[in-house]
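Written below as structure tokens is the structure these notes are about.
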Amino acid sequence: MTKKLDGTVALVTGASSGIGEATAEVLADEGARVALVARRRDRLEALAERIGRDNALVIEADVTDPDLAAGAVSQAVGQFGRLDTLVNNAGVMLLGPIVGAPIDEWQRMINLNLLGLLYCTHAALPHLLAAAELEPRSVADVVNVSSTAGRVARLNSGVYNATKHGVGAFSESLRQEVTRRHVRVTIIEPGATGTELAFHNRPEVLEAMAQNFEGTEIMQATDIAESIRYAVTQPRRVAVNEILVRPTEQER
């Protein structure tokens, strides 16, 4: 039976865990061959085994390095011959007060959440524009994983908010630039999701986060992957530009 993404190629950053890992599996399930990009090769290798070696390419790369980001795209196109879908999922969330914050945390978020996304998109766009003119689908997709933090600025989330608002602004500008060439741009804005994203925070921040979501049934990575599946499998005439998805019990 023909699947919706048969004959297409996707590249997913941050594919070694969480939303990236789940998204890679979903896209492969829809028939895409998937380039898996992250720094943890062992996890990527395990994911490639589950997807199937013929349909997966492991690329160990740090996308905050522009040369490595461009190299990842080149490897994917060199292996599979095209690129139809880019999922910019790699990110880090380091929360806490602005006053007295460790500057290196700000640098890490800006470098990955913004610059890494920009580098990958810049390298991928020529291939996506080319794929949008080709069968089997004659459309291509950029999916940028943002956050509810990209919509509402909150206390103790200042620079994370700034990076995710930046993702939203960049995505909308890009959408206007390429939409008539049938490259769709989608922002995914998850609320509280059970991934490794929070684990990089300092202990006092983790404690505050646990209190904020105490008693809330948070989402799973597969929930977000399903929203990405929905966006990229729409007919050519349909562009899903923004998906805000929160746990039912999350108020803000």
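Evaluate E = 1/(1 + (r/R0)^6) for ASP6 and LEU129, where r is the Cβ-Cβ distance and R0 equals 22 Å; express this FRET efficiency to the nearest 0.05.
My answer for the efficiency is 0.55.
How big is the dipole moment of the chain about its Cα centre under a simple scheme where the beta carbon of each Lys and Arg is +1, that of each Asp and Glu is -1, and everything else is neutral? Debye, nearest 20, please.
720 debye
Report the local net charge at MET219: Lys and Arg +1, Asp and Glu -1, summed over other residues whose C-beta lies under 13 Å from its C-beta.
Around MET219, the surrounding residues sum to -4.
Work out from phi, with θ = phi - 60° and the Karplus expression 6.51 cos²θ - 1.76 cosθ + 1.60, the ³J(HN,Hα) of each residue of segment 36-44, listed in order in whole Hz, and give x for Gly and Pro.
9, 10, 5, 8, 9, 4, 4, 5, 5
Could you size up the charge dipole of segment 141-196 around its Cα centre, putting +1 on the beta carbon of Lys and Arg and -1 on that of Asp and Glu, and report it in debye to the nearest 20?
Its charge dipole is roughly 180 debye.
Please compute the contact order of the chain in relative form: average sequence separation of alpha-carbon pairs under 8 Å and at least six residues apart, divided by the residue count, as a percent.
Computed value for the chain: 19 percent relative contact order.
Rounded to whole Hz and in sequence order, give me ³J(HN,Hα) for segment 145-159 from the Karplus expression 6.51 cos²θ - 1.76 cosθ + 1.60, θ = phi - 60°, writing x for Gly and Pro.
7, 9, 5, 4, 5, x, 10, 10, 7, 10, 4, 6, 9, x, 7
Any idea which of VAL245, VAL34, SER138 is furthest toward the positive side of the dipole for the chain, if Lys and Arg beta-carbons carry +1 and Asp and Glu beta-carbons -1?
Farthest along the dipole direction, towards plus: SER138.
Could you list LYS3, LYS164 in order of exposure, starting from the residue whose Cβ has the fewest other Cβ atoms within 10 Å?
LYS3, LYS164
Return the single residue from GLY215, GLY150, GLY166 with maximal mean-square fluctuation; model: Gaussian network over the chain, springs between Cα atoms under 10 Å.
Top of the fluctuation ranking is GLY215.
At 0.36 nm per residue, minus the direct Cα-Cα distance, what do GLU49 and HIS122 gain on full extension? Give it in nm, one decimal, please.
In short, 23.3 nm is gained.
Would you mind checking the tilt of helix 203-212 against the longest principal axis of the Cα atoms of the chain, expressed as 0 to 90 degrees and rounded to 10?
Compared with the principal axis, the helix lies near 80 degrees.
Return the calculated 222 nm mean residue ellipticity for the chain, to the nearest 500 deg cm²/dmol, obtained by summing -39500 (n - 2.57) across DSSP H runs with n ≥ 4 and dividing by the residue count.
Using -39500 (n - 2.57) per qualifying helix, the result is -13000 deg cm²/dmol.
First select every other residue whose beta carbon is under 13 angstrom from the beta carbon of ALA124; then total the charges, Lys and Arg +1, Asp and Glu -1.
It works out to a net charge of -1.
Throughout, read-outs are computed from the coordinates displayed, never taken from laboratory work. A quick note: this is a predicted structure, and the numbers were derived from the prediction, not measured. Heads up, the Cβs are rebuilt from the backbone with ideal geometry, glycines too, and the neighbour counts pull from every protein chain shown.
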